[in-house]
Amino acid sequence: MAGATEPRVPNSLVTFLQPFRSSFTAPTWEHVLVLVMGAILVPGRRTVASALRVTGLGQTRHFTNYHRVLNRNAWSTHDLSRRLLVRLVDAFVPDGEPVVIGPDDTIERRWG
């Protein structure tokens, strides 16, 4: 994944995030890997800028491409949350045990 100016994302992180790979286009996926790695490594506030700084990309010419991952690129939060839920259930629920999910609609802010 590492280009001439991009940091090397550890294979263990790429493998761990692999179930989410098909939710992104190939170019966006490369940026997602760098941003996740940066978010893990950065102390303090986890912003795109701080994630880029900690990975050595603080002065990259195309930093806006990383910002676009969060504000322009097309990917589905519903698809990603479903994939995350499946991973969590697989990791924490023994085989054959029922899973009861009770959504709490009281946490949603309502106006008026």
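The values are calculated or read from the model by the stated rules, or taken from the named source; none is laboratory data. For clarity, every value in this text was computed on a predicted model and none was experimentally measured. FYI the Cβ positions are ideal-geometry reconstructions off the backbone, even for glycines, and counts take in every protein chain you see. To get the accessible areas, we keep the full protein, side chains included, count just its heavy atoms, and leave off ligands, DNA and RNA. Shrake-Rupley method; radii C 1.70, N 1.55, O 1.52, S 1.80 Å.
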Worksheet item: Somewhere in segment 99-112, is a residue among the aromatic types (F, W, Y), at pLDDT 85 or above and open to solvent by 90 Å² or more (accessible area, probe 1.4 Å)?
Response: no
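Just need a number here: residues in segment 70-83 that are not β-branched (V, I, T) and not in a loop (DSSP other than H, G, I, E, B). First the steps, then the outcome.
The initial filter retains those residues of segment 70-83 that are not β-branched (V, I, T), namely 70-76, 78-83.
Among the residues that remain, those that are also not in a loop (DSSP other than H, G, I, E, B) are: 70-71, 78-83.
Within segment 70-83, residues that are not β-branched (V, I, T) and not in a loop (DSSP other than H, G, I, E, B) number 8.
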Worksheet item: Going through segment 65-79 one residue at a time, which ones are within 13 Å of F20 (Cβ to Cβ) and surrounded by 11 or more Cβ atoms within 10 Å (Cβ to Cβ)?
Response: V69, W75, S76, D79
Worksheet item: In segment 38-69, what residues are touching a helix residue (DSSP H, G or I) at 6+ places or on another chain (Cβ under 7 Å), assigned to a helix (DSSP H, G or I) and among the aliphatic types (A, V, I, L, M)?
Response: A39, L41, V48, A51, L52, V54, V69
Response to the item:
Of the residues in segment 43-68 that are hydrophobic (A, V, I, L, M, F, W, C) and within 16 Å of R8 (Cα to Cα), the one that is modelled with the lowest pLDDT is L57
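For (1) in contact (Cβ under 8 Å) with a residue 60 or more places away in the chain; (2) among the hydrophobic types (A, V, I, L, M, F, W, C); (3) open to solvent by less than 50 Å² (accessible area, probe 1.4 Å), each residue gets a yes or a no:
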site: T15; (1), (2), (3): no, no, no
site: R21; (1), (2), (3): no, no, no
site: T28; (1), (2), (3): no, no, yes
site: P43; (1), (2), (3): no, no, no
site: R53; (1), (2), (3): no, no, no
site: F63; (1), (2), (3): no, yes, no
site: S81; (1), (2), (3): no, no, no
site: L88; (1), (2), (3): no, yes, no
site: A91; (1), (2), (3): no, yes, no
Worksheet, complete the sentence: When every residue in segment 76-98 that is of a type in the set (D, E) and under 30 Å from T25 (Cα atoms) is compared, the one modelled with the highest pLDDT is D79
